[in-house]
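Enquirer: Before anything else, here's the structure in question.
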Amino acid sequence: MASSAGLALCGQTLVVRGGSRFLATSTASSDDDVLFAYDCSTAAEKSQEKGEDGQPADKGSDTVLASTFSKSGTYFALTDDSKRLILFRTKPWQCLSVRTVVRRCTALTFTASEEKLLVADKSGDVYSFSVLEPQGCGKLELGHLSMLLDVAVSPDDCYVLTADRDEKIRVSWAAAPHSIESFCLGHTEFVSRIFVVPDHPELLLSASGDRTLRLWEYRSGRELHCCHLTSLQEPAEPWGDERFAASRITYRSQDGCVALLCDCIPTVYVFQLDAARQQLVYRQRLTFRHRVWDIAFEEGRGLWVLQDHREAPLVLCRPVGGQWQAAPEDAAVEKVSAHLRGNWAMLEGVAGVDVGFSGLYKATFDNVTAYLRKKEERLQKRRQNPAAGPNGQAKKMKPGEASLRCPS
């Protein structure tokens, strides 16, 4: 939902997507790296959905809407605006299947066993697709009454977690999705991102349009900690009054570091997960001069940042003296950045078309103020003209009524 430009990383395999294309390469510094490029506009199968008049419905663009790696990095999958689900094998890179989904998707994830791919769509449904049978049709697993924005699976594949536009996080049994284990309730706007902590599988991180980052024990639905991002902003910041939601939560297992990217501001918030005390500890903010499209941690290396700047599209941040900062020079960053500069056309038009989460906020209507204002205007008219009727017009007198009145 947040951006048609994105970054995905698993091991040393890095994918950058923009528009209908993506590039896959390695973050290793070796010179024998092979660049894999794919364009969704060349994919074969498209939705054959028809409109009410019997004519073919809007086919949509080929823009990639969401993408993800499997846990081991063996598989990679994406969905696009033409309602296609495309599955790849990564070692070596090969397109395994192009399948059609019922509606445009908002998020997808592999199960931990890598046997299924779960796809969440705008109508609130989650479908599962087989990975082992790449041509198999999708199966409806569960549904919400509102748009789904994210989907996750517990590390043991026992639970499917879904986040929707109506402030809810739902925890369902994977074997019987109609059985709901719990709800995580507390957000006051749409839930934009959820993330199950891999080395603390009982914990869930969530972010929302209410500008909070929350920590949950999701099986019981208990909120453990809530961090208000507005309290971390400086008063002089130009975007201080803007509404924003998290477009990415990424995590580094080696030190429990959590990085949070918001969709409207060029800032990355860094937290430390204190699992023993069941809380999030705020560490610092990383502010960038250009719009940040996406972020991802690479274990043992640092935080990769994809930004809207052709000369330096990628930044690698590392902890130095307890503070995260951009690494001055890195061979892997320069190698991947060179690939992006040579294919900048796929990212060039992204900034002008992204709308982020702006259309998902609850609309408020204040008709009480207008009613009270009009009521006061009517009362003022009555005070100025006491003989006026309830609609502000002078009361008509019946013939002969004036002669019956006593003289003053």
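Enquirer: May I ask which of Lys83/Lys168; Lys91/Lys335; Lys168/Lys375; Lys122/Lys374; Lys91/Lys139 have a Cα-Cα span longer than 30 Å here?
Expert: Long pairs (Cα-Cα over 30 Å): Lys168/Lys375; Lys122/Lys374.
Enquirer: May I have the convex hull volume per residue, in Å³, for the Cα set of the stretch 183-306?
Expert: Considering the Cα atoms of the stretch 183-306, their hull volume per residue is 99 Å³.
Enquirer: For the pair Cys137 and Val281, what calculated FRET efficiency results from E = 1/(1 + (r/R0)^6), where r is the Cβ-Cβ distance and R0 = 45 Å, to the nearest 0.05?
Expert: My answer for the efficiency is 0.45.
Enquirer: Rounded to the nearest angstrom and ordered from largest down, what semi-axes does the equivalent ellipsoid of the chain get from its C-alpha gyration tensor (root of 5λ)?
Expert: Its equivalent ellipsoid spans semi-axes of 49, 27, 23 Å.
Enquirer: A follow-up question, please. Kindly state, to the nearest 0.05, the FRET efficiency for Ser113 paired with Glu311, given R0 = 30 Å and r defined as their beta-carbon distance.
Expert: 0.10
Enquirer: Could you tell me the largest-minus-smallest coordinate of the C-alpha atoms of the stretch 238-296 on each of the three principal axes, in descending order and whole angstroms?
Expert: 36, 22, 16
Enquirer: Here's another thing I want to ask about it. What is the dipole size for the chain, taken about its Cα centre, with +1 at each Lys and Arg Cβ and -1 at each Asp and Glu Cβ, in debye to the nearest 20?
Expert: 2360 debye
Enquirer: For the stretch 258-373, what percent of Cα pairs sit more than 17 Å apart?
Expert: Considering the stretch 258-373, 65 percent of its Cα-Cα pairs are separated by more than 17 Å.
Enquirer: Taking only Cα atoms, what is the 0 to 90° angle, nearest 10, from helix 331-342's long axis to the longest principal axis of the chain?
Expert: 60 degrees
Enquirer: Under a point spin-label approximation (7 Å from Cα along Cα-to-Cβ), what is the Tyr361-Gln384 distance to one decimal in nm?
Expert: The modelled label-to-label distance comes out at 3.8 nm.
Enquirer: Roll a 1.4 Å probe over the protein chains and send me the accessible area per residue for the stretch 262-380 in Å².
Expert: Per-residue accessible area for the stretch 262-380 comes out at 54 Å².
Enquirer: With all protein chains present, how much of the accessible area of the chain (probe radius 1.4 Å) comes from carbon and sulfur, to the nearest whole percent?
Expert: 50 percent
Enquirer: Going by alpha carbons, how many degrees (0 to 90, nearest 10) lie between the helix axis of 367-384 and the longest principal axis of the chain?
Expert: So the inclination is approximately 20 degrees.
Enquirer: In addition: Between Asp156 and Glu329, 0.36 nm times their residue separation minus their Cα-Cα distance comes to what?
Expert: The span from Asp156 to Glu329 would gain 58.3 nm if fully extended.
Enquirer: Next question. Once you have the Cα-Cα distance between Leu232 and Ala370, take 0.36 nm times their residue separation minus that, and quote the gain in nm to one decimal.
Expert: So the chain would gain 46.1 nm between Leu232 and Ala370.
The values are calculated or read from the model by the stated rules, or taken from the named source; none is laboratory data. The shown structure was predicted, so the numbers you read here are calculated from the model rather than taken from an experiment. Cβ: placed from backbone, ideal geometry, glycine included. Neighbour counts: every protein chain shown. Heavy atoms of the whole protein, side chains included, go into the accessibility calculation; ligands, DNA and RNA do not. Shrake-Rupley method; radii C 1.70, N 1.55, O 1.52, S 1.80 Å.
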